[in-house]
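First comes the structure, then the notes that go with it.
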Amino acid sequence: MGLEAFLPVAFVIGYLLGSIPFGLVLTKLAGTQDIRSIGSGSIGATNVLRTGRKSLAAGTLLFDALKGTVAVVICGYIAGPNAAMVAGLGAFLGHLFPVWLKFKGGKGVAVYIGILLGLFWPAAVVFCLLWLATAFTTRYSSLSALVASFITPVFLWWFGHLALSALFAVLTLLLFYAHRENIKRLQSGKESRIGEKA
C-alpha cells in the first residue's frame, strides 16, 4: 500500500482511537453516576471532575490525551507526517462525534493536547502554559481552552509549521463549535468555574 493510499486508513485508525470514551468508561467502572447526566453532559475530564473524583478526572485527561498521541505516532511511523496529521484529525473527530455514543462526545481539549504532543511537542507545552495561566486567573476551564487553542495555530505558523498550523486552525474551529454552549454561558456570566460541582 502506497503512502497516499494509507491516508484513509490513518483517518479510520485515528477516529476509532479517538472515539474511545474514557471518561464514561472510567466513571462507570468506578460506580459514579452517568457523567452525561451532570454538568455540561460532556464525557471529558472537566465534567468528570464535577463528580468530585479528582483521580478519575486525571485519568480521563491522561487517556484522552494519549489516544490522540498514539494515533499520530502510529500512523506517522507507518506512513509519514501526512498520515500522522490525518490520523490526528480522525482522532479529534472521533472524540467529538463518537459513533458509539450517537455522535455526542467530549469537547476535545485533552485530545487536542495529545495530538499536539505527537506532532510538535513544544506547541503542546505552550498550549498547557496558556491554559494554566488563563485558568489560574479566571477559573474557567472552557475559556482557558478557547484562549490556548486560538493561539496555537498562530504559534505553529510563526515557527514555520504551515501544514500543522492549518490542521490546528481546523481543530480550533471544531473546538470552538464543541464549546458553543460554554461560550454562551461565558457571555451571560453563567459558566461554571473549575472545581464547582453540578
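The values are calculated or read from the model by the stated rules, or taken from the named source; none is laboratory data. Just so it is clear, the model here is predicted, and its values are computed rather than measured. For neighbour counting, all protein chains shown are included, and Cβ atoms are generated from backbone atoms with ideal geometry for every residue, glycine included. Note: areas computed on protein heavy atoms with side chains; ligands, DNA, RNA excluded. Shrake-Rupley method; radii C 1.70, N 1.55, O 1.52, S 1.80 Å.
Worth pointing out:
- Residue within the stretch 167-182 that is small (Gly, Ala, Ser) and either open to solvent by 60 Å² or more (accessible area, probe 1.4 Å) or touching a His at 6+ places or on another chain (Cβ under 8 Å) (or both) present: no
- Residue list for the stretch 50-90, filter: under 30 Å from ARG139 (Cβ atoms), in a helix (DSSP H, G or I) and open to solvent by 40 Å² or more (accessible area, probe 1.4 Å): LYS54, SER55, ALA58, LEU61, LEU62, PHE63, LEU66
- Among the residues of the stretch 30-46, just one is over 26 Å from ILE13 (Cα atoms), in a helix (DSSP H, G or I) and of a type in the set (S, T, N, Q), namely SER37.
Here is a yes/no grid of residues against (1) without any contact (Cβ under 8 Å) to a residue 40 or more places away in the chain; (2) over 18 Å from ALA84 (Cα atoms); (3) of a type in the set (S, T, N, Q); (4) not in a helix (DSSP H, G or I):
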| site | (1), (2), (3), (4) |
| --- | --- |
| GLY105 | no, yes, no, yes |
| THR137 | yes, yes, yes, no |
| ALA163 | no, no, no, no |
| LEU171 | no, no, no, no |
| LYS184 | yes, yes, no, no |
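- The set of residues in the stretch 57-80 being free of Cβ contacts under 8 Å to residues at least 40 places away in the same chain and not aliphatic (A, V, I, L, M) consists of GLY59, TYR77.
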